[in-house]
Amino acid sequence: MNRDQLEHALRSACGIAGERDILVIGSQSILASFPEHMLPAEATRSLEVDIGFFNDPDGHKADLVEGRCGEDSDYSRMFGFAIDGVDLGTATLPDGWWDRLIDVENANTGGARGLCLEPHDCAVSKLVANRDKDRRFVAALLDAKLIYADVLAERVGQTDVPEAVRSRIRQWLAAFG
Amino acid sequence: MPTRDLLTTTQAAQLLHCSRQHIVHLCDNGQLPHTWAGKHRRIRRDHIEALLGPPTRREDERSLWLNYAFAAKLVQDPDGVIERAKQRLQHLRRVHSDGGSDRYLNQWQAALKEGPDAVLAIITARTEHGQAMRSASPLAGIGLLTERERTDIRAAARRHWEAAHKTAAA
């Protein structure tokens, strides 16, 4: 995905759910922090954007958006990407992530305000998930010096996960100095 | 704690796909909590599972169920579905010309060329690779399912997920 597609997704989600503020919690949140030409290919490989809403306890709004714009929808057929409404409990994030969210709001978002994870917070959530594609995503950002291993190690210490998970992540980060 | 939830170092190594010595190393340097049964270490299963990462997300399970339905359409008309997917792949390459998705699109190209068995293996795989490939699938968006079918499948997947997690919590 690219930034223009992210903004399009925000505009669409806002129109469907009737909510201005949209949380972007997946890898595409990185598009809020860096222009596309700076991002490694691994950082923009996904054809889906994961979004959630703050005031959506039963997930109804997220379901509405996913129903209209999710996988195999007419929307995804037309625009080549899908919007996945996710449970906000999906991501495990460091303390204080809320205060570090990065806004995406302009004429192209049509009244929607995307609230995107700060890159290090996004990276921590990926390292907690620990899938192969997640590690590749974080490694690509580290190699491009867009995020820093020492900041990640600090944020891991501020994340509510078992100590065994923190240790696993810190051992992995050690390879990046 | 029930004994089935306490693992030997050998059992823990099998779960983590590593050597028993590595498990011993993790225990000895304090990274893996453990208890002793005589001279033998015992490790809680949930501590090992924490190292593996979180379980499948509800969204990934929903996607898998949609792909089970794609699989049914594929085996009904393999040539037709494969051809439509190839055309969709070309469209995805044009839309995502920045090259960020090439890793998956190239693998899809190879699978479509190989035929229905290769495609079925991907779209039904309960693996990390399967999840990743389904996120960039050329089978999505070619009209294999009606809107009603999609809605029904999503609702069924949700019920299945909630029932499975309710059982696990009980």
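Observations on the model:
- For segment B:1-42, filtering for residues that are part of a strand (DSSP E or B) and either open to solvent by 40 Å² or more (accessible area, probe 1.4 Å) or small (Gly, Ala, Ser) (or both) leaves 7.
- Boolean, A:Glu19 is in contact with a Lys or Arg (Cβ under 7 Å, 6 or more places away or on another chain) and either surrounded by fewer than 24 Cβ atoms within 10 Å (Cβ to Cβ) or at pLDDT 90 or above (or both): yes
- Single residue of segment A:19-52 satisfying the filter (among the aliphatic types (A, V, I, L, M) and farther than 25 Å from B:Asn106 by Cβ) that is nearest to the chain's Cα centre (by Cα): A:Ile25
- Qualifying residue in segment B:124-133 (condition: assigned to a loop (DSSP other than H, G, I, E, B), of a type in the set (A, V, I, L, M) and open to solvent by less than 30 Å² (accessible area, probe 1.4 Å)): yes
- Residue within segment B:54-76 that is of a type in the set (S, T, N, Q), under 30 Å from B:Arg154 (Cα atoms), modelled with pLDDT of 90 or more and open to solvent by 70 Å² or more (accessible area, probe 1.4 Å) present: yes
- Scanning segment A:28-57 for residues that are within 11 Å of chain B (Cβ to nearest Cβ) and in a loop (DSSP other than H, G, I, E, B) yields A:Leu39, A:Pro40, A:Arg45, A:Ser46, A:Leu47.
- Of all residues assigned to segment A:156-176, none qualifies as being on the phi > 0 side of the Ramachandran plot, without any contact (Cβ under 8 Å) to a residue 60 or more places away in the chain and out of contact with any Cys (no Cβ under 6 Å at 6 or more places or on another chain).
- Neighbours by Cβ (under 8 Å, 6+ apart or cross-chain): first from segment A:73-92, part of a loop (DSSP other than H, G, I, E, B); second of a type in the set (Asp, Glu) and surrounded by fewer than 21 Cβ atoms within 10 Å (Cβ to Cβ): A:Thr92/A:Asp160
- Counted residues, segment A:98-135 - those being away from chain B (no Cβ under 12 Å), more than 12 Å from the chain's Cα centre (by Cα) and open to solvent by 20 Å² or more (accessible area, probe 1.4 Å): 11
Here is a yes/no grid of residues against (1) facing chain A (nearest Cβ under 10 Å); (2) of a type outside the set (A, V, I, L, M):
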site: B:Leu64; (1), (2): no, no
site: B:Ala72; (1), (2): no, no
site: B:Lys86; (1), (2): no, yes
site: B:Gln90; (1), (2): no, yes
site: B:Val95; (1), (2): yes, no
site: B:Leu105; (1), (2): yes, no
site: B:Ala110; (1), (2): no, no
site: B:Arg159; (1), (2): no, yes
site: B:Ala163; (1), (2): no, no
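- Check on B:Arg150, in contact with an Asp or Glu (Cβ under 7 Å, 6 or more places away or on another chain) and either touching a residue at least 60 places away in the same chain (Cβ under 8 Å) or open to solvent by less than 60 Å² (accessible area, probe 1.4 Å) (or both): yes
- Hey, A:His8 away from chain B (no Cβ under 11 Å), open to solvent by 20 Å² or more (accessible area, probe 1.4 Å) and not charged (D, E, K, R) or not: yes
- Residues in segment B:82-119 that are under 20 Å from the mean Cα position of the chain (by Cα), open to solvent by less than 40 Å² (accessible area, probe 1.4 Å) and touching a residue at least 40 places away in the same chain (Cβ under 8 Å): 1 in all.
- Residue list for segment A:84-105, filter: at pLDDT 95 or above and farther than 27 Å from A:Ala149 by Cβ: A:Glu105
The values are calculated or read from the model by the stated rules, or taken from the named source; none is laboratory data. The model shown is predicted, which means the values in this text are computed figures rather than measured ones. Note that each Cβ is placed from the backbone with ideal geometry, even for glycine, and that neighbours are counted across all protein chains shown. Please note that ligands, DNA and RNA were not included when accessible areas were found on the heavy atoms of the full protein model with its side chains. Shrake-Rupley method; radii C 1.70, N 1.55, O 1.52, S 1.80 Å.
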